[in-house]
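First up is the structure itself, then whatever we jot down about it.
Rule-based calculations on the coordinates, nothing more; no lab input. Predicted model, so just to flag it, every value in this text is computed and none were measured. Backbone-built Cβ (ideal geometry, glycine too); neighbour counts: all protein chains shown.
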Amino acid sequence: MRLVVKIGSNILAAKEGGLDEKRMRSIADDVSRVSEAGHEVAVVSSGAVAAGVGRLGLKKRPSEIRLKQAAAAVGQSQLMWLYEKVFNENEKKVAQILLTRDVFTDRARYINSKNTILTLLGLGVIPIINENDTVAMDELRFGDNDQLAALVAQLMGADRLVILSDVDGLYTADPRHNPEASLIPAVSEITREMEKTAGGAGSSVGTGGMYSKILAARIAMSAGINVNIINGRKPGLLMDILHGKAHGTLFQGGVGKLPARKGWIAYGLKAKGRLTIDEGAEDAILLRGKSLLPSGIKLVEGDFDRGDPVYCISASGRRLAKGLSNYSAEEVEKIKGLRSSEINTVLGYSYSDEVIHRDNMAVLD
C-alpha cells in the first residue's frame, strides 16, 4: 500500500513554543513501523512557521506575510533537523521536498515531481513534503497543507491519505464547544451541510481546520483514495487503521473516480476565469456528458488565454465543472451565445466547435 500521512502544526507545536520533539518521535515511530511492514509512506508536514516562531522568540504566529516567511525560513531547517533525528533513531532515511502551487499547474513539473517522489519511495526513503512557505505568498495567505496532502496523494497514486488532527475525527458539531457532538465513523459522500457544520479555520499555530480537511478529503476521494482523519496525539493508530481497526473518521474513496488527467484539471490547476452557462448547457454537461459550446455561455469573467483553466458555473454561482478553454476570454466574449457554425464568421478563424471539449473537462458538481 502507498499512503500519505499529513501532520499539522497543531500536532507538532509545543505549548511553550517551537516543536514538540517527543510527539515527533512518536509519529516517526509509527510511520517507521508502517514502512517496515512493506508500505510506501510519504509525509506532508507543516510546522516550519511554528518552529521559526519559537526560534525567533516571537510570542505568537505572525499575521504579516514577511514575518511568516522569515519564520518559515528559520524554522524549516529546524523542522528537518528534528525529522532527521527521530527517523534516524528508527534507521530510516528522509528527504526534504518543498513544493509550490505551480508544481501542480505545470504538467512537466507535475510529472517530474511525481517521478522524484516515486524514486525516493522505491529507494526506501521517506519524503518529508512541505509547501515552500518562504516564497509561496498565495499559499501562506490562503492555502494549507491539508490540500497539499490531497494533491500529493493524487500525484503519487496513493491508496490512502491519513490526516493527523487534534481531535478524534469528524463530529456532528464542534466537540470543543458542544458536548452533545458525536463522532461520525464513516463518510461515503461529502455534503454541503457537512461542509457548513465543519466551520472555518482551527488553531492559532496553523491555517487549517476541519473544513480544510473535508475539502482535502473531497479531492482525494475524487481520485479513489480513502481518507482517514484520526487523532495525531494518540500513538499506534496509524498501524491500527491499516489492519482494519476503526479509529476516527473514514472517508470512502472510489465512487465516481476521476481519471488522473481530469483530477489534475479539477484540483491541480488554478482557474483563470469563469463562464456562466445556461440551463441547457448545464444539463448537457452534468447529465449527458457533453462539451461546452459557445451557444450555452451567458457571461464571461476573468482574463484567460487559450488553454487556460476556467470554471463553468450556473446562474446561481454554483461551480459545475472546470476545463481548459479552446479560446481566450476576449474570443469567448465575442462568440458567447452563438452557434458553433458562426465562430469562423465572427472571429475569422476557428480552433474548435467547442469552447471546452469534454476530454479537457472535469465535472465538479
Dipole check, segment 2-262, charges on Cβ (K,R +1; D,E -1), about Cα centroid: among N112, S77, N231 the Cα furthest to the positive pole belongs to N112
At a 10 angstrom cut-off on C-beta neighbours, averaged per residue, how do the peptides 145-151, 338-344, 8-14 rank from highest to lowest? 145-151, 8-14, 338-344
Short to long, in 10 Å steps from zero, the percent of alpha-carbon pairs of segment 50-177 per bin is 11, 33, 37, 17, 1
In whole µm²/s, the translational diffusion coefficient that Stokes-Einstein assigns to segment 35-78, given a Kirkwood hydrodynamic radius over C-alpha pairs, 20 °C and 1.002 mPa s, equals 187 µm²/s
For segment 2-262, the charge dipole (Cβ of Lys, Arg +1; Cβ of Asp, Glu -1; about the Cα centre) points to a positive end, and the Cα of L151, V103, M194 closest to that extreme belongs to V103
Dividing the convex hull volume of the Cα atoms of segment 271-363 by its residue count, what figure in Å³ per residue is obtained? 76 Å³
Specify the residue with the greatest mean-square fluctuation among L242, L118, L275, computed from a Gaussian network of the chain linking alpha-carbon atoms under 10 Å apart. L242
May I ask you to evaluate 6.51 cos²θ - 1.76 cosθ + 1.60, the Karplus curve with θ = phi - 60°, for each residue of segment 294-310 and list the ³J(HN,Hα) values in order in whole Hz, giving x for glycine and proline? x, 4, x, 8, 9, 9, 10, 10, x, 10, 10, 9, 4, x, 7, x, 9
Pairwise Cα inverse-distance average, inverted: Kirkwood Rh of the chain (Å): 21.7 Å
In a GNM of the chain with a 10 Å cut-off on Cα contacts, which of A50, A70, A37 has the highest mean-square fluctuation? A37
Cut-off under 5 Å, modelled amide H: who pairs with V94 long-range: I126
The aspartates and glutamates whose Cα lies under 16 Å from the Cα of K92, excluding any fewer than 8 residues away in the same chain, are D29, D30, E36, E40, E84
Using a Förster distance of 41 Å, the FRET efficiency for T172-K59 (Cβ separation, nearest 0.05): 0.70
With charges only on Cβ, +1 for K and R and -1 for D and E, what is the dipole size of the chain about its Cα centre, in debye, rounded to 20? 480 debye
Dimensions (Å) - segment 212-316, Cα atoms, principal axes, largest first: 56, 28, 26
What one gets for segment 17-94 as the Kirkwood radius, inverse of mean 1/r over different Cα pairs in Å, is 13.2 Å
Report, in deg cm²/dmol and to the nearest 500, the calculated mean residue ellipticity at 222 nm for the chain, where each DSSP H run with n ≥ 4 adds -39500 (n - 2.57) and the sum is divided by the residue count. -11000 deg cm²/dmol
How high is the relative contact order of the chain, in percent, counting Cα pairs under 8 Å that sit 6 or more residues apart? 14 percent
Looking at this model, which pairs from K114/K196; K290/K336; K60/K213; K59/K213; K60/K272; K213/K322 are more than 25 angstrom apart at the alpha-carbon? K114/K196; K59/K213; K60/K272
Ranked output for segments 276-284, 299-307 by mean other Cβ atoms within 10 Å, highest leading, reads 276-284, 299-307
Between T105 and R319, how high is the FRET efficiency from 1/(1 + (r/R0)^6) when r is the Cβ-Cβ distance and R₀ = 30 Å? Nearest 0.05. 0.95
